[in-house]
1. Just want the answer: with Cβ charges of +1 for Lys and Arg and -1 for Asp and Glu, which residue in ILE50, VAL40, ASN74 is farthest toward the dipole's positive end in the range 21-118?
2. If you work out Cα Rg over 2.2 N^0.38 Å from the coordinates, which of [x] 1.08; [y] 1.32; [z] 1.73 do you get?
3. What does the charge count around ALA26 come to, taking other residues whose C-beta lies under 11 Å from its C-beta (Lys +1, Arg +1, Asp -1, Glu -1)?
4. Give me the percent of DSSP beta bridges within the chain that run antiparallel, rounded to the nearest 5.
5. For the chain, take the longest principal axis of its alpha carbons; what is the angle in degrees between that and the long axis of helix 19-31, to the nearest 10 within 0 to 90?
6. Could you report the range 14-118's accessible area per residue, 1.4 Å probe, as an integer in Å²?
7. Quick one: divide the alpha-carbon radius of gyration of the range 56-118 by 2.2 N^0.38 Å and tell me what you get.
8. Calculate what fraction, in whole %, of the accessible area of the chain sits on carbon and sulfur atoms when a 1.4 Å probe is rolled over the protein chains.
Amino acid sequence: MPFIDLETNLPASRFPEDFLKKFVSATAAALGKPEDRMIVLVKPDLPLVIAGSCAPGVVLSVAGLGVTDTAEKNRENSAKIFPFLTQELGLGEDRIVIRFSPLEPWQVGKKGTVMTFL
């Protein structure tokens, strides 16, 4: 159950109606998870500074069970996610930062309990 949180100083108007659906599809494919397991947030219009600049940018947080737990997986995830963001949002790679966080099943609550399996 990956959690994807896109925070940006881009205005909401820069996100077309179909962006969220395409973003869910792209991140699910990149992480090898079914779309119905994805939890995705897009937070536009935030104050944001990357490398000393307020130019348009994105901070993407990716957390999940078994998908962000090694450097190799995160290199692959990054290589798969960056092209979608640069193409869809028109940003250079230097204006996008991805933060990966591994999760354990006991760190995810659902249906009044915690997950106990991957």
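The values are calculated or read from the model by the stated rules, or taken from the named source; none is laboratory data. Bear in mind that the values here come from a model prediction, so they are computed numbers and not experimental data. So basically every Cβ, Gly included, is an ideal-geometry build from the backbone, and we count neighbours across all protein chains shown. These area figures cover heavy atoms from the full protein model, side chains too; ligands, DNA and RNA do not enter into them. Shrake-Rupley method; radii C 1.70, N 1.55, O 1.52, S 1.80 Å.
1. My answer, from the dipole projection, is VAL40.
2. Entry [x].
3. Numbers: positive: LYS21, LYS22, LYS80; negative: GLU35, GLU88.
Combined, the nearby Lys, Arg, Asp and Glu give +1.
4. On the way: 9 of 22 bridges.
Among the beta bridges of the chain, antiparallel pairing accounts for roughly 40 percent.
5. Here the helix axis deviates by roughly 50 degrees.
6. Values: 6150 Å² over 105 residues.
Solvent-accessible surface per residue comes out at 59 Å².
7. Numbers: Rg = 14.2 Å, N = 63, 2.2 N^0.38 = 10.6 Å.
Expressed relative to 2.2 N^0.38 Å, the Cα Rg reads 1.34.
8. Details: 3750 of 6580 Å².
About 57 percent, which is the carbon plus sulfur part of the accessible surface.
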